[in-house]
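Bear in mind these aren't lab numbers, they're just calculated from the coordinates by the rules spelled out. No experiment lies behind these values; they were computed from the predicted model shown. Cβ sites come from the backbone with ideal geometry, for glycine too, and all protein chains shown count toward neighbours.
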Amino acid sequence: MKLIFQKIIKIVLLVMFLLISLFELKNLQVFAQSGDPVIAGAGDISPRSNGPQFQTANLLDSINPAFVLTFGDNQYPDGILADFNTYYHPSWGRFKSRTRPSTGNHDYHTPGGAGYFDYFNGVGVNSGVAGDRSKGYYSYNVGSWHLIALNSEAMSSTQNAWLAADLQANQGTACTLAYWHEPRFSSGAVHGSNNRSVPFWDLLYQYKADVVLNGHDHLYERFAPQNPSGGSDPTNGIREFIAGTGGAGLYAFGSPIANSQFRVSTHGVLKLTLHQTSYDWQFININSQVLDSGSGNCVMGSAVTSTPGSGPTSTRTPTPPNLPSPTRTRTPTPTLPGVPSPTRTRTPTQSVVSPTQIVGSPTPTGNICTYFKN
Ligand SMILES: [Fe+2]
């Protein structure tokens, strides 16, 4: 009888130990998730009025991101410094010290984007958070992510060469995100897809970038991972988001183009949580409703060399501990002549949460929308 009682006591203690261990593990996981950096942003932000940019700024207050990203056309209609100070500054300006902007075509309505650079860098100051005013592109790291702000309004071989060198130098970074104004792919009825950023896509795909963020079309759209030609590529493709929803008048959608997964035309901001080798996204409207959400995994592995004719020069294998085993392998097609094809692996299967589509139902803000069309 005594032995049976001792065994029961042991079993009870063992169960209690297991339950406590599971509880501690869950707490650690929650802590690790909650500690990962959050970024948020939008493009096409401030009309020349006290408009919805104040509501999207309130959203940013509630999200409290580590960095605020802008996807161009920060201040309408001409990017004048006085307008930045009058309309952008009282809204999104309160995040200025943690804003990492990119420029848009309207910001360049003033020669050299003078108002944009004067506002973000300081009047007459060459370099600052907006990068060198003669370039408007720069990069930085957030956690295990490499973030690249590009300038779609000043495409040049110089910028492309800088991007290639920057990607080459940061191959050890687990995940890569790039953002600029004019999207390569868009179902928008006003602007639509734009070929000017093909060189960006070619390089980003070559170096296994993960996420591209754009504005220009005043709507929100999410795409499945794609290659630079717009083909579905769930293994190594780049996921593009358009969030031209910061406050300017909204645009309608045309017919959905290939790989478009979610579309809605309403004001809001895109929130990204940057995990070590994956990311979560949410598109939140100005009523604080999450209209779209999901998760994706970063492409990890060796990048193809950027130097024509030479072999791979470095390996991008920052595989962290405790990740699930890779589920797929692939051999990428070399994009440069004479470059061998390194076999790469990618960790877990992409997952998309709440894939519900809301097909273009633009909130009517007629005058603003029409006025700000290009
Ligand atoms: Fe634009």
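Key figures for this structure:
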{"read-out": "Under 9 Å, Cβ to Cβ, from I39 - net charge with Lys/Arg +1 and Asp/Glu -1", "value": "+2"}
{"read-out": "Point-to-point label distance, R98-N160, nm (Cα→Cβ direction, 7 Å offset)", "value": "3.7"}
{"read-out": "Protection proxy ranking of 238-249, 121-132 - average other beta-carbon atoms within 10 Å, highest first", "value": "238-249, 121-132"}
{"read-out": "Total formal charge among the other residues, if their Cβ is under 11 angstrom from that of R239, Lys/Arg +1 and Asp/Glu -1", "value": "-2"}
{"read-out": "15 Å Cα-Cα reach of K96 towards aspartates and glutamates, excluding residues that sit fewer than 8 places from it in its own chain", "value": "D61, D118"}
{"read-out": "Order of F84, F117 - criterion: other Cβ atoms within 10 Å of each residue's Cβ, fewest first", "value": "F84, F117"}
{"read-out": "Exposure proxy order (Cβ contacts within 10 Å, fewest to most) of D61, D202, D73", "value": "D61, D202, D73"}
{"read-out": "Using θ = phi - 60° and Karplus 6.51 cos²θ - 1.76 cosθ + 1.60, couplings along the range 113-126 (whole Hz; Gly, Pro as x)", "value": "x, 4, x, 4, 6, 4, 6, 7, 8, x, 4, x, 7, 6"}
{"read-out": "Long-range HN-HN contacts of F185 with modeled amide H, under 5 Å", "value": "N194"}
{"read-out": "Point-to-point label distance, N227-S193, nm (Cα→Cβ direction, 7 Å offset)", "value": "1.4"}
{"read-out": "Centroid-to-centroid separation of the range 235-268 and the range 174-190 [C-alpha atoms, Å]", "value": "9"}
